1. In the range A:163-198, whose amide N lies under 19 Å from the spot 7 Å out along Cα-to-Cβ of A:K141? List them in ranges.
2. Suppose every K and R has +1 on its Cβ and every D and E has -1 on its Cβ; what is the size of the dipole of chain A about the Cα centre, in Debye to the nearest 20?
3. Give the lysines whose C-alpha is closer than 18 Å to that of B:K119, dropping any in the same chain fewer than 8 places away, or say none.
4. Would you work out the charge dipole size for chain B about its Cα centre, treating the Cβ of every Lys and Arg as +1 and the Cβ of every Asp and Glu as -1, and quote it to the nearest 20 debye?
5. Can you figure out the FRET efficiency of A:M1 with A:K218, using R₀ = 45 Å and their beta-carbon distance, to the nearest 0.05?
6. Greater than 32 Å separation of Cα atoms is the criterion. Which listed pairs, A:K90/B:K97; A:K98/A:K192; B:K108/B:K146; A:K46/B:K127; A:K2/B:K146; A:K115/B:K105, meet it?
7. Which residue, chosen from A:I158, A:V49, B:P25, occupies the Cα position most advanced towards the positive end of the dipole of the protein assembly as shown, where the dipole is computed from +1 (Lys, Arg) and -1 (Asp, Glu) charges on Cβ about the Cα centre?
8. If contacts are Cα pairs under 8 angstrom and at least 6 residues apart, what is the relative contact order of the range B:13-149 in percent?
Amino acid sequence: MKEFAVFWGCTIQTRFPFLEKSTRIVLDEFNLPYKDIDGFTCCPEKSLVNNVDHASFVVTAARNVALVDELDYDLVSPCTGCVSNLATVKGELCSNPKEKAEVNELLKGVGREFKGTAKLQHLVPFFHDTVGVFAIKQKIKKDFAGMRIALHYGCHMIRPSHALRNDDPIAPVKFDNLIAALGAVSVQFPTKMMCCGQGLDRVDQHDLALQLARVKLKELKALEVDALVLCCPSCFLQFDNNQYLMEKEGEKLGVPVIYFTELLGLALGHTPEELGITAHRVDCAPFLKKWAECSGQAAASTMDDELNAQGAL
Amino acid sequence: MLELNLNMKLLEMCSKCGACYSICPSCTHLPGYDPRQVVADIVQGKFEKWLSSSSIWQCLECHYCLEMCYQHYGFENAMTALRTIATKRGLNPPQVKRGWDMFAKTGKLGEPALPARKKFGLPEPSKSGGEELKKVLDALKDRRGKGHH
Ligand code: SF4
Ligand code: SF4
């Protein structure tokens, strides 16, 4: 497997260091050749930087990609926004040689060159495609049989599809496959693919951000799912922090929010404390309690014939 | 007047279509949000009134419309173009300015939370490329000053 740099992004390192922790835990568990490299900046955040100045958006992302191009690494990020932004710029420059030359002229001043050779992946499709469902199943110590999970992909894990090209942009399946591999049921629900709405919190429209969070959380409460699982710090902010703010105002929805790396880490035998699940704002105890009650069998003991037959590796 | 960086041919088709309205999360859940009106006004050259409206900041850039659009264009292009002009005129939300200032100064939107890193046993954070990026952004400014775009 090719070595890859992890692009942590600003939000995880600033606000949710425990998400970095659980990501490192699962990367280590699978002995994946990941690197921490110096020199990254903000990806940059599209809704902010691109609205102010498109050229700054492009050169900033191009410079970040140049760092991994140079080392001949690929790039993986546990943040959907980071990957989507970097890939959007990579796509734009690779299809526009003139713009690429202009950008490289600027980067030359600091000794960098954007080539666009590095593969840029979000952690979820990376686990699905590169680690593989089968390898994951083999390592599970305790699965989530009997648990009902609601998935939130996060728009930027899969869109824009012309740049990311990793799953169906309207009806994706890879995250669902991973949840199934962990033994849980991925509950299908009407607002499954609806945007989290956190963007509104970045443009001084906090009440409307809450309004959008409420739509999905209310639906999940009614469906009595055991947890909302996602893999984006921005979506996490929206559903964990903002749900907590609503709770403080007396509106208790009680939907535990679990990061993909935490769910995987639990299945691999790590404790909620180690993984930082206890640092969430919304209480995850009901989810953990239900899991303890589910019998949970060792998935590694049963070979999945169907999976084997399909050549899922 | 600032130029709208938009493909008017596609937008004209868009103003007669409206198909993605029903799948747009903001159209569905935020009363008053309606890019169909915005697009119609742009096509007729009357977009000025939208520049100071909070509506143009309610597009979530979720790219859903882009994916559904038979032109692979999407409402979002119209909204982004208006936000860019609004920002040039200083009509952006204060938070956007604060975020931009931080980005321009440090190349990041925040610094690693060191005490929490220690608590979780995380390694020293990697070095930021903020200083180097600043040089690149300065070079970009210089080029513009010389009339390149
Ligand atoms: S990108 Fe904006 S306009 Fe398009 S569907 Fe999403 S919120 Fe609606
Ligand atoms: S963005 Fe595309 S799908 Fe949506 S209304 Fe315009 S033309 Fe139709």
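1. Correct set: A:182-184.
2. 220 debye
3. Here the lysines satisfying the reach criterion relative to B:K119 are A:K21.
4. On the way: 22 positive and 15 negative charges, 111 e Å.
With only Lys, Arg, Asp and Glu charged at Cβ, the dipole is about 540 debye.
5. Working: r = 42 Å, r/R0 = 0.93.
For A:M1 and A:K218, the calculated efficiency is 0.60.
6. A:K98/A:K192; A:K2/B:K146
7. Highest projection toward the positive end goes to A:V49.
8. Working: 94 pairs, mean separation 22.6, N = 137.
Taking the mean separation of contacting Cα pairs over the length of the range B:13-149, I get 16 percent.
Read the figures in this text as sums done on the coordinates, not as results from a lab. Please read these numbers as outputs of a predicted model, since none were measured by experiment. No Cβ is skipped: glycine too gets one built from the backbone with ideal geometry, and neighbour counts run over all protein chains shown.
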